[in-house]
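What follows is calculated from the coordinates using simple rules that are stated; it is not laboratory data. As the structure is a computational prediction, the values presented were derived from the model and not from experiment. So basically every Cβ, Gly included, is an ideal-geometry build from the backbone, and we count neighbours across all protein chains shown.
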Amino acid sequence: MQQQQIGYQTCAELVEEFNRSAIMNDGQQICFDGVAGKDVYNITAAFMDRGSLIIAGRVEGRMTELSNVLFFRQQGDVWTPHPDYPIYELQDPFLTRIKGELIFGGVTVIKDPLHPEKIISWVTSFYRGQDVLSLKPFLTGPARMKDVRLVMLASGEIGVLSRPGGLLGGGPGSVIGFTKVSTLEEVTADIITNAPRFDNQFSPLEWGGGNELHLLANGYVGVLGHIAEFDGIDRRYHAMTFAINPETSEASPMKIIAIRSSFPAGAAKRPDLQDVIFSGGILRKPGGLAELYVGASDAEAYRIEIADPFLEYESL
């Protein structure tokens with residue numbers, strides 16, 4: 001099945017539109033300590049948990065993609081691992097709240113049994129609880145599918161965002177799907193796999209996924225995500241948003257809200273990742289502003305204040 005969607009614009013076209021209209025503050029690096037020289041990137045937005053402001057981040061050595069997710073608290077100008085919080089063997093953390101519960105997740109990699117330094121597959125793993133310390137596993141997504149996300153809808157149902165397709169479950173051909181169920185307990189790997197997909201959202205040589213979902217004032221779902229391309233040498237990932245009408249399964253056109261050059265130059269895991277940002281989360285603020293949190297070049301983390309990208313969708 002296919003969802004309804006207006007024809008795609010390429011990364012280049014969307015970046016050109018962004019560069020014509022963007023008015024932004026300078027992005028600021030978020031500094032982490034206490035990780036033994038490892039990189040922290042692909043972070044969540046800051047959130048309150050047990051009275052402390054927390055960021056979950058992917059922690060990893062520069063020469064590997066085997067990572068842990070740690071929970072950091074702010075101490076002065078740096079963020080350090082919370083000494084009481086668990087460590088998860090995950091990539092790319094995310095979170096939301098549904099009916100008062102904290103829903104947390106990330107990507108679990110599956111290693112080659114004969115060569116454990118090699119990743120051969122992955123799944124999206126979900127946990128639920130009242131806070132970080134009470135999280136328990138409750139859902140494993142389909143094999144080779146990242147960027148599965150959940151959101152509480154105005155109807156009381158649960159919106160489910162998927163990211164099927166592509167070579168080995170990622171890259172060109174990967175698209176976005178959406179469905180809804182009545183309860184968290186009804187979300188299964190099969191439901192996620194069979195979610196109807198949006199048609200013509202990406203060029204055939206480009207791809208993308210959702211990173212965080214927001215219930216908007218009009219009942220629409222605001223999607224914070226990424227759109228990506230690979231020219232055979234370099235990879236380019238940009239932060240984007242669009243909106244879904246959960247009653248009609250229609251999606252708005254995408255727009256780019258930040259690119260790598262929106263942030264200071266910095267380190268990169270590899271040369272081909274210099275032009276990569278990965279949306280982690282967004283905090284909507286009074287006065288039509290929002291704070292966007294991103295990972296950059298698979299090595300660093302930043303935040304930036306931007307115009308709230310979801311406001312225009314609330315008038316649809």
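Descriptive notes on the structure:
- For the chain, a crude dipole built from +1 on the beta carbon of Lys and Arg and -1 on the beta carbon of Asp and Glu, taken about the Cα centre, is about 460 debye to the nearest 20.
- Taking other Cβ atoms within 10 Å as a rough exposure proxy, Val123, Val40 sort from fewest to most as Val123, Val40.
- Qualifying GluC sites (Glu not before Pro) in segment 79-182, DSSP loop, other Cβ atoms within 10 Å at most 13: Glu89, Glu117
- The residue among Phe47, Gly57, Val35 whose Cα reaches farthest toward the positive pole of the charge dipole of segment 1-108, with charges on the beta-carbon of Lys, Arg, Asp and Glu, is Phe47.
- Cα shape, segment 204-316, gyration tensor, a/c 1.5 rule: oblate
- Inter-probe distance in nm under a simple model that places probes 7 Å from Cα toward Cβ, at Gln130 and Thr188: 3.1 nm
- Of the trypsin sites (Lys or Arg not before Pro) found in segment 13-90, those in coil by DSSP whose Cβ has at most 14 other Cβ atoms within 10 Å are Arg50, Arg62.
- MRE, 222 nm, helices only [DSSP H, n ≥ 4, -39500 (n - 2.57), over the chain, to nearest 500]: -1500 deg cm²/dmol
- Projected label points at Glu13 and Thr140, each 7 Å from Cα along the beta carbon direction, are separated by 4.1 nanometres.
- Per-residue 3J(HN,Hα) values for segment 137-150, derived from phi via the Karplus relation 6.51 cos²θ - 1.76 cosθ + 1.60 with θ = phi - 60°, read x, 9, 7, 10, x, x, 4, 6, 10, 9, 6, 7, 9, 10 Hz in sequence order (x marks Gly and Pro).
- Within the chain, percent of DSSP bridges classed antiparallel, to nearest 5: 95 percent
- Ile119 paired with Asp26, simple spin-label distance in nm, labels 7 Å along Cα-to-beta-carbon: 3.3 nm
- Take the Cβ atoms of Asp199 and Lys99, set R0 to 41 Å, and the FRET efficiency comes out at 0.80.
- Structure-derived Cα extents along the principal axes in Å - corresponding label in (1) 55, 42, 41; (2) 53, 48, 37; (3) 48, 48, 44: (3)
- Of interest is the spacing of the C-alpha centroids, which for segment 73-140 and segment 246-316 amounts to 21 Å.
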